[in-house]
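Undergrad: Take a look at this one; I'll ask things after.
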Amino acid sequence: MTVATTDGQAGSALERSGSSSSLADVVETVLDKGVVIDAQISVAVVGIQLLEINARVVVASVETYLRFAQAVDRLDITPRNQKGLPDLVEGASGAVGAGKAAAGLGKTVGAIGGAVRDAVGELGSDGDRDRARPRRRRRNEEYDDE
Amino acid sequence: MSEQDGLFLYGIVPSDVEPTPGTPGVGDPPGEVTVVRQGPVAALVSEVTPDAAVGRPADLTTYQMLLDGTAAVAPVLPVRFGTVVAGPGAVRELLDAQGDRFAAELDELEGRVQYVVHGRYDEPELIRRVLDDNPAAATLADQVRGQPEGVTREQRIRLGEYISRAVELRRDAESRELLDALAPLAVSGAHRPPSHELDAANVAFLVDADREDEFVDAVEEFAEQRRGLVRMRLLGPLAPYDFTSADRVAR
């Protein structure tokens with residue numbers, strides 16, 4: 001019904017991001033993943049607070065329900081069976097929706113970032129991450145020998 | 001390194017991998033990323049002081065960029081973030097004990113990278129569709145619209161519950177469709193838990209490098225079919241965070 005009218009973009013419907021597009025992505029991508037090493041040889045395992053953040057689960061609650069109901073309030077009241085005008089309206093509301101989605105994501109990032117900072121009592125700016133953009137290379141000349 | 005210093009462990013790689021000299025690791029000040037080799041495998045490490053507050057956002061990003069950068073040129077097994085071991089001796093001990101297993105897993109990962117496909121519903125569009133599909137919810141919506149929350153609390157909770165359940169059902173269906181659509185182009189796929197109440201899908205895929213273009217095209221098509229309803233994002237190429245057997249604790 002509203003295919004390709006809601007965001008008004010002619011480009012791809014898919015957003016691409018490589019490594020480390022946002023702190024929220026980084027947290028979600030890497031935390032609580034990977035090989036676990038036996039505690040017997042580990043002298044320390046840091047970042048426990050971070051692992052707890054990742055354990056947050058999306059649980060529906062009354063708060064969630066009321067928030068959804070508020071979203072219904074914000075929805076344009078358009079007769080559901082009319083065509084023509086609704087397309088226009090939906091185009092406009094789509095733009096608003098996109099703005100909201102972006103704002104919502106920003107909040108998530110802020111919340112997680114805050115939690116991480118609180119956990120370790122330190123503040124890292126996002127600009128810091130450009131500091132380390134490591135490159136790797138394979139020593140092909142040795143590859144055959146090993 | 002002093003005796004109290006530890007080695008932060010990033011990942012396990014074949015022993016023919018070597019970091020670019022001067023690559024900074026985690027911590028402040030950061031240690032240089034180096035490699036500890038033992039037989040056919042090696043570990044990417046950097047020195048950290050025992051009281052180092054490793055776990056800043058910048059540290060997470062450093063960790064991920066190092067692993068993703070490595071995955072682009074060589075297979076790598078990520079080691080769980082925050083693992084610090086006693087020193088090069090302990091690392092060699094670990095590599096010696098687990099070398100065969102690590103080598104076998106690295107063989108499996110050769111020429112493969114991870115992608116994450118993440119979709120989030122556009123809230124107004126989603127709610128519009130839920131109300132269209134569900135007369136009971138639409139009736140409730142009519143009752144609460146424009147009314148103060150205090151007066152319509154009961155209806156609001158019921159309405160919100162309808163929407164919430166509808167999202168869960170749609171998410172399950174969406175995730176299955178995504179996995180079905182892309183499985184033929186991937187080595188394997190793994191569901192990730194939703195990270196937001198409006199999540200439509202969150203699935204990790206292990207992809208052969210020579211099928212990356214095909215895979216990305218298929219994701220584009222999947223996204224195109226949901227344009228306006230789902231904001232689809234493709235993260236990657238990444239290190240195989242979701243495809244290491246992390247459940248098997250290294251002993």
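The values are calculated or read from the model by the stated rules, or taken from the named source; none is laboratory data. What you see is a predicted model; the values in this text were computed from it and never measured. FYI the Cβ positions are ideal-geometry reconstructions off the backbone, even for glycines, and counts take in every protein chain you see.
Undergrad: Any residue that is within 12 Å of chain A (Cβ to nearest Cβ), crowded, with 18+ Cβ neighbours inside 10 Å and either more than 30 Å from residue B:211 (Cβ to Cβ) or small (Gly, Ala, Ser) (or both) - is there at least one of those in region B:166-180?
TA: Within region B:166-180, one or more residues are within 12 Å of chain A (Cβ to nearest Cβ), crowded, with 18+ Cβ neighbours inside 10 Å and either more than 30 Å from residue B:211 (Cβ to Cβ) or small (Gly, Ala, Ser) (or both).
Undergrad: Evaluate the following for residue B:44: is it among the aliphatic types (A, V, I, L, M), under 21 Å from the mean Cα position of the chain (by Cα), under 13 Å from residue A:30 (Cβ atoms) and at pLDDT 95 or above? Can you show your working first?
TA: Values: among the aliphatic types (A, V, I, L, M): yes; under 21 Å from the mean Cα position of the chain (by Cα): yes; under 13 Å from residue A:30 (Cβ atoms): no; at pLDDT 95 or above: yes.
For residue B:44, the condition - among the aliphatic types (A, V, I, L, M), under 21 Å from the mean Cα position of the chain (by Cα), under 13 Å from residue A:30 (Cβ atoms) and at pLDDT 95 or above - is not met.
Undergrad: Another question, if that's okay. I want to confirm something. Restricting to region B:71-93 and keeping residues that are part of a helix (DSSP H, G or I) and more than 7 Å from chain A (Cβ to nearest Cβ), which single residue is farthest from residue B:37 (Cα to Cα)? Outline the logic, then answer.
TA: To start, the set of residues in region B:71-93 that are part of a helix (DSSP H, G or I) comprises B:71, B:88-93.
If we keep only those that are more than 7 Å from chain A (Cβ to nearest Cβ) too, we end up with B:71, B:88-89, B:91-92.
Working: B:71: 18, B:88: 9, B:89: 11, B:91: 9, B:92: 7 Å.
Looking at residues that are part of a helix (DSSP H, G or I) and more than 7 Å from chain A (Cβ to nearest Cβ), I get B:71.
Undergrad: Moving on. Only one of these is more than 8 Å from chain A (Cβ to nearest Cβ) and surrounded by fewer than 19 Cβ atoms within 10 Å (Cβ to Cβ): B:22, B:27. Name it. If you could, list the steps in order and put the result at the bottom.
TA: Values: B:27 fails: surrounded by fewer than 19 Cβ atoms within 10 Å (Cβ to Cβ).
Only one candidate passes the filter, namely B:22.
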